[in-house]
Structures are given as structure tokens and as C-alpha cells.
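Accompanying notes for the structure given below.
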Amino acid sequence: MKASPAGLLESLRAQGVALGPWENAVAAVRRELFLPETIEVGDKVISRAASPHRWLEAAYSDVSITTQVNDGRPSGPDEYRLPTSSSSQPSVMLEALELLDVQPPDRVLELGAGTGLNAAWLAHRLGSDRVVSVEVDPALAEQAAKNNAAAGLSPRIVAGDGSLGCPEGAPYQRVIATYAVDEIPYAWVAQAPQGRIVTPWGGSFFPYSFAVLNVHEGRAEGRFTGYPAFMRSRTRRPKRGYLDDFLHHRQDAGHTTTSLSPLAIAQDADALFYIGLALPDAWHLPVTADDDSGELTLWILADDQCSWASADYTPDTHQYAVAQYGPRRLWDEAEAAHGAWEALGRPTRARAGISVAERGQWLWIDEPERDLSAVLPSRVAKGAP
């Protein structure tokens with residue numbers, strides 16, 4: 001495969017990615033123009049100066065490329081490196097754009113300019129004057145505008161808080177976010193009064209959904225699809241770090257057992273989604289034993305770093321060891337949420353929906369009148385306004 005837009009298109013077609021009306025944008029807009037001289041792919045740091053072929057090959061591969069860590073601050077050798085901006089995986093970008101269902105002459109509001117590539121694709125198809133992009137990091141906003149100029153495009157890119165949208169450019173027909181949110185700002189609804197919103201959505205436990213909402217008469221309503229992995233909103237980003245930053249006082253943990261297999265949570269995406277509605281402020285980490293034992297430990301760690309839990313899976317047993325520490329009993333919370341999900345009949349994520357009105361956001365199942373907060377034990381349950 002050639003390291004070029006044509007090579008990227010070839011790779012996407014081979015995967016069966018739906019290009020639709022975006023094929024010309026992918027072909028015409030050179031991704032290399034939107035990347036810094038040093039990039040990260042997985043755990044590999046690639047310098048254009050030192051490895052020009054590897055750098056260009058990465059640019060035209062269907063991979064996510066980290067372009068900033070730790071908000072651009074200089075990092076020490078032992079400091080945790082948190083990815084804070086990236087050029088998203090092209091196939092996932094196209095998935096989001098397909099969900100957006102944008103049509104000329106729509107005006108589009110993008111939240112999270114990043115490198116500016118998504119805005120460039122939009123501008124190539126719709127015209128630069130139809131695209132507004134908001135970026136919280138002023139340095140990234142400036143660079144995204146320069147990247148677009150290098151590509152011969154000029155969408156409006158402004159520095160600001162994406163949760164506020166960009167009211168001076170409203171109304172929009174489409175709103176798309178490139179970072180995950182756990183609460184959809186009403187400003188997005190108000191600025192697209194008859195439009196559509198597509199955003200990565202979810203709390204810490206399961207942030208792997210696209211929320212797709214249609215707006216009508218001051219209210220947005222929609223459902224969830226896909227399994228995207230995006231960075232969290234910088235203005236609502238939880239603490240992250242090394243596992244040891246979250247695991248402490250292990251000698252003081254309480255020990256019990258459970259009949260609920262950790263695999264019933266760790267390996268079931270629908271269970272993870274519904275448990276995530278009850279535990280939006282904790283994250284999970286399954287760790288498989290590095291031998292052939294088939295053993296696994298499921299860690300659950302609170303965003304505030306005060307509480308943690310673990311459940312150990314061992315094959316051919318029916319009771320599993322649980323350890324918990326801190327003011328919260330995170331395994332108990334997860335098990336209660338799993339029980340509530342089972343009591344609902346183990347619904348798929350496709351049965352869940354989301355509504356957003358001026359007074360807030362709420363989740364429901366099957367229809368807006370069936371409020372999930374009434375049946376799911378949640379620390380942040382929000383009923384329908």
C-alpha cells in the first residue's frame with residue numbers, strides 16, 4: 001500500500017468502510033499536513049526527521065495518532081503520559097460522519113478541532129464558510145487553522161469551551177463532537193434547533209458509544225451505537241495516572257466472595273454499558289494472567305482515587321474472591337447494577353435512549369417515559385425533567 005491518500009482509500013475500501021460522499025475529501029485532503037513532526041502510534045514515538053518513511057506510512061494508515069500528551073506541557077521521564085489530542089482513526093471519523101448525515105448546504109458546528117482534519121473534510125465537502133470548529137486549547141486551535149490553510153481550506157476555527165458551542169455562528173443543522181462527554185450540553189441543542197447531534201458519549205466506566213440525537217422544539221432525543229474510543233472532554237476530564245496511583249492501602253482492604261463471575265461484567269458490552277450508567281465516576285480494568293491459567297482480575301477504580309475493588313476470576317469455580325477499599329464498595333455497586341440490568345431482562349444497549357432538554361439530560365429504556373434512573377442504582381441518577 002502506498003503511503004498516500006490513495007493508499008489510505010485502498011485500505012479503507014479493503015476493510016469495507018463506508019466512504020459514501022466523503023471519498024473525495026479523503027482523497028483530496030492530505031493527512032500528513034495535519035500532523036506534527038513527532039507523533040505517537042500505540043507506544044511507538046515516530047520522528048519524521050529520523051524515520052520519514054515510517055512517519056508517512058503511519059500518516060496514511062487507518063490508525064489513531066497521538067499528537068499531544070499532557071496538554072502540551074513538558075513531561076518528566078517518569079511522569080504519566082496522558083494523550084490529550086490526536087488525529088483520530090480515519091475509519092472511526094467516517095463512521096461518525098455517516099451518523100451525522102450531513103447534506104449540503106448544512107452548517108456544521110464541530111466541538112474539538114484537534115489537528116483540524118475532521119473540519120477539513122467537512123469544509124472540502126460543504127465549503128469552508130459552512131463549518132465552525134471550537135477547540136479548548138488555543139495553541140491547538142491556531143495550529144489547526146494553519147493546517148487547514150496548508151490544505152487550501154479555511155473553516156472557522158475558534159479557541160473556546162466546546163460545551164458552550166459557538167452561538168455567534170448559529171443556527172446549525174449538524175453538531176459533531178470529537179471528544180467523549182458524559183452529559184450533553186444544552187447549548188448544542190439550542191444552537192441546532194432542528195438539527196442532529198453526534199457525539200462520543202459515556203462516563204468513566206463505559207465511554208464507548210456514539211450518541212445520535214435529533215433535535216425538535218427545544219429537546220433532543222436519540223439512541224446509542226458503535227464502539228468508538230475517544231478522549232474525554234478536557235473541561236470534565238477525570239483523574240488518570242498509573243495503576244499504583246489508584247491502588248493504595250491494599251493491606252487494609254476488606255475481603256469477601258461473590259457468585260457473580262467477573263467475566264459476566266468484563267466480557268459483556270451490554271452489561272458494561274448499563275453498569276456504566278450507575279458508575280459513571282469509576283473505571284474498570286480487566287487484567288489477564290500472563291500464563292495459560294485463564295485467570296483474570298477485574299479492577300474497578302474510582303475517579304477520585306479514594307476507592308478501589310478487585311474481583312478474581314479462576315476457571316472451574318463458582319465463588320470469586322473480592323477485595324474492596326475506601327469509602328465506596330465499588331464491587332458491591334457494580335454487582336447491584338448488574339442485578340438491576342438482569343432484572344430488566346438483560347436489555348441490549350440498543351434499547352437505551354437519551355433525552356436532553358433545558359433542565360437536563362436523562363436516560364430511558366425503550367421509550368422516553370421509561371426512566372432508567374428509577375431502576376438503576378446510580379450515584380448521579382437524573383430523572384426526566
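The values are calculated or read from the model by the stated rules, or taken from the named source; none is laboratory data. Given the structure is predicted, the values throughout are model-derived calculations rather than measurements. Counting neighbours? That spans all protein chains shown, and the Cβs are built from the backbone with ideal geometry, glycine included. Only protein heavy atoms, including side chains, enter the accessible area calculation; ligands, DNA and RNA are left aside. Shrake-Rupley method; radii C 1.70, N 1.55, O 1.52, S 1.80 Å.
Residue pairs whose Cβ atoms lie under 8 Å apart, sitting 6 or more positions apart in sequence or on different chains, and linking a residue in the stretch 185-200 that is within 16 Å of R234 (Cβ to Cβ) to a partner that is open to solvent by 30 Å² or more (accessible area, probe 1.4 Å) and in a helix (DSSP H, G or I), are P185/S163; P185/L164.
Quickly run through the stretch 205-214 and pick out the residues that are within 16 Å of A302 (Cβ to Cβ) and within 10 Å of the chain's Cα centre (by Cα). First the steps, then the outcome.
So the first thing to find is which residues in the stretch 205-214 are within 16 Å of A302 (Cβ to Cβ), and the list is 205-207.
Correct list: F206, P207.
Evaluated against (1) touching a Ser or Thr at 6+ places or on another chain (Cβ under 9 Å); (2) farther than 23 Å from H249 by Cα; (3) open to solvent by 60 Å² or more (accessible area, probe 1.4 Å), D291 falls short on exactly one condition, (1). A single member of A340, A336 is without any contact (Cβ under 8 Å) to a residue 60 or more places away in the chain, hydrophobic (A, V, I, L, M, F, W, C), assigned to a helix (DSSP H, G or I) and surrounded by fewer than 19 Cβ atoms within 10 Å (Cβ to Cβ), and it is A336.
Against the definition (within 22 Å of the chain's Cα centre (by Cα), of a type in the set (V, I, T) and either at pLDDT below 95 or open to solvent by 20 Å² or more (accessible area, probe 1.4 Å) (or both)), how does T115 come out, yes or no? Considered against the rule, which asks whether it is within 22 Å of the chain's Cα centre (by Cα), of a type in the set (V, I, T) and either at pLDDT below 95 or open to solvent by 20 Å² or more (accessible area, probe 1.4 Å) (or both), T115 comes out as no.
Within the stretch 246-260, restricting attention to residues that are outside any loop (DSSP other than H, G, I, E, B) and of a type in the set (S, T, Y), which residue is most open to solvent (accessible area, probe 1.4 Å)? So the residue we want is T257.
Of all the listed residues (S11, S85, S61, S4), the sole one being closer than 26 Å to R237 by Cβ and small (G, A, S) is S85. Among the residues of the stretch 299-326, those that are over 26 Å from the mean Cα position of the chain (by Cα), closer than 14 Å to R250 by Cα and not hydrophobic (A, V, I, L, M, F, W, C) comprise Q324, Y325, G326.
The C-beta contact set for the stretch 10-23 (first residue over 23 Å from A119 (Cβ atoms), second residue of a type in the set (S, T, N, Q) and surrounded by 12 or more Cβ atoms within 10 Å (Cβ to Cβ), distance under 7 angstrom, 6+ apart or interchain) comprises Q15/S91.
So, of the residues in the stretch 348-368 that are within 12 Å of F224 (Cβ to Cβ), more than 19 Å from the chain's Cα centre (by Cα) and not hydrophobic (A, V, I, L, M, F, W, C), which turns out to be surrounded by the most Cβ atoms within 10 Å (Cβ to Cβ)? This residue is R351. None of I184, I197, I157, I176 is assigned to a loop (DSSP other than H, G, I, E, B) and either of a type in the set (A, V, I, L, M, F, W, C) or in contact with an Asp or Glu (Cβ under 7 Å, 6 or more places away or on another chain) (or both) except I184. The set of residues in the stretch 261-278 that are open to solvent by 30 Å² or more (accessible area, probe 1.4 Å), under 19 Å from Q319 (Cβ atoms) and not polar (S, T, N, Q) comprises L263, A264.
Of T225, T178, T235, all but one fail to be in contact (Cβ under 8 Å) with a residue 24 or more places away in the chain, of a type in the set (S, T, N, Q) and crowded, with 16+ Cβ neighbours inside 10 Å; the exception is T178.
Which residues, counting only those in the stretch 140-154, are under 12 Å from G116 (Cα atoms) and either open to solvent by 10 Å² or more (accessible area, probe 1.4 Å) or of a type in the set (S, T, N, Q) (or both)? Spell out the reasoning first.
Taking the stretch 140-154 first, the residues under 12 Å from G116 (Cα atoms) are 140-151, 153-154.
Across the stretch 140-154, the qualifying residues are L140, E142, Q143, A145, K146, N147, N148, A149, A150, A151, L153, S154.
Filtering the stretch 92-132 to residues that are part of a strand (DSSP E or B) and closer than 24 Å to F224 by Cβ leaves V108, L109, E110, L111.
Taken as a whole, the stretch 76-86 holds at least one residue that is modelled with pLDDT of 95 or more and buried (at least 17 other Cβ atoms within 10 Å of the Cβ).
Here A271 qualifies as closer than 21 Å to D182 by Cα, out of contact with any Pro (no Cβ under 9 Å at 6 or more places or on another chain) and in contact (Cβ under 8 Å) with a residue 24 or more places away in the chain. Put simply, of S133, S85 the only residue that is touching a residue at least 40 places away in the same chain (Cβ under 8 Å) and of a type in the set (S, T, Y) is S85.
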